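Working notes, beginning with the structure itself.
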Amino acid sequence: MEQLPVVVVLLLLFSLLLVPLVLLDRRRRGRRTPPFSLLVVAGSGGHTTEILRLLSCLSESYSPRHYVLADSDKMSEAKIRSFEQKRAETFSESQFSLDRIPRSREVRQSWTSSVLTTLYSILYSLPLTYKRKPDLSDLQVFSTEEWGALPEQRRPGSVLQVLQEAAPCLILCNGPGTCVPVCLSAFLLGLLRIKRTIIVYVESICRVETLSLSGKILYYFSDYFIVQWPDLKKKYPKSVYLGRIV
Amino acid sequence: REGRSVARGGKGRRQRYRGSRELGTPLTHPLYPRLIPFIPPPPIPPFFSISLFIPPPCISPLFPTILPHPRYPLHSPLHSPVPCPQALQSRGYQKLVLQVGRSSLPQPQPQPSSSPAVAVEAFRFKDSLAEDLQGADLVISHAGAGSCLETLEKGKPLIVVINDKLMDNHQLELAKQLHRDGYVLYCNCSTLVETLQSMDLSALKPFPPGQPEKFASFLDKVFGLQ
């Protein structure tokens, strides 16, 4: 932790270098062919329920689905597995994977320390905390039956690793704190022209008049920002209003 | 030097700079166990976060059940009476099912012999409240989005109780909006009794379900699949 100020200064300088890239950024919406891989950020409890409802109507072309969870979130994992099992009954080629990243912000953590912990979860791996199975070197996409038979869940260390290995075409998030480092990293990779990902942020149905903190941040970084109440559409004109979709 | 600062009750030099991640949640904070005996529970009214499933007596032969709302931590004084039994009886409700969560269970009250007692059943937590919701005729709940939407989708009348002391902002917004649109009734802890006495459940509109198909078609348009 003694090198922390140096690291922060280096990061700030690095972000200054990105300013010309941001100004020259032309969003090329190139034609992509199905299947489209999808990264879903599942937060705690209610957020997971909402995002699984959103995914319920997606067609077969959105596969494989990579779910990203915060560590120590058991309930969301159970919900996701049951959702994918039901999906595997209708679509035979259904594939998904589960990854975990360190929590970027504890509940009611102060703003300044949240910035630092978010940066930490973006960049650093935690080789001591996360175990790696020696024979699973690359991200393998498993079908639902194989997933149940795996003895231990593979855990990459950091968000950048997850993005690099999953390489999704689309990132879908709902508003938990976990989605901020994921979307910011994807935005960074897109600026550096490494991998262009479409970021879709769907604001939660609870948000009628104000945006959540993640929404306020990601309003400027997402490609499509979907709100579910018309008051928000008036306040944030760049957003998309589709009515109530949950 | 270090011994002196620790002996005064302060943290040692190494301990002063522990980040919030190491301290963990309040329950694992090193100081919390020592402070528990000295902190009284906050005085929140006991009948907050109760879901009453109560049918008008002429419509359903089943006993009305009350469904308390899940996952809501509720602190209440040690002796929490059964909430507003007279209001319930006056509207014809016969049974109350309470989900109590982490607060203390309701104590049995002596009922006047003339009026029939409201049967009370209480439990702490359940994995899924779907079957209780199905058998209920009225739900009284806190303003969580999941609880409100789950109840409204089953088509049950809902009274949302807002806890002023907690001031959970996004819950309040959703509850107010649903009330403005006429889908739920809305009250405070203190006005719950009057709301129960004067409520008109037929004025509530049926709740249209959300449409995730619109989202799927939006994504298809983005990727050029349509």
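Values quoted throughout were computed directly from the atomic coordinates according to the rules given, and no laboratory measurement underlies them. All values derive from a computational prediction rather than experimental measurement. Don't worry about glycine lacking a Cβ; one is built from the backbone with ideal geometry, like all the others, and counts go over all protein chains shown.
Counting 0.36 nm for each residue step from residue A:44 to residue A:210 and taking away their Cα separation leaves a gain of 57.7 nm. Each label point was placed 7 Å from the Cα along the Cα-to-Cβ direction; for residue A:192 and residue B:220 their separation is 3.7 nm.
Residues whose amide H falls under 5 Å from that of residue A:198, counting only those 5 or more places apart or on a different chain, are A:170, A:171, with hydrogens built in the peptide plane. Here r is the Cβ-Cβ distance between residue A:240 and residue B:190 and R0 is 30 Å; the resulting FRET efficiency, rounded to 0.05, is 0.15.
Amide H contacts under 5 Å for residue B:184: B:179, restricted to partners 5 or more places along the chain or on a different chain, H placed in the peptide plane at 1.01 Å from N.
With a Cα cut-off of under 21 Å and a minimum spacing of 8 residues unless on different chains, the lysine pairs in segment B:146-226 number 6.
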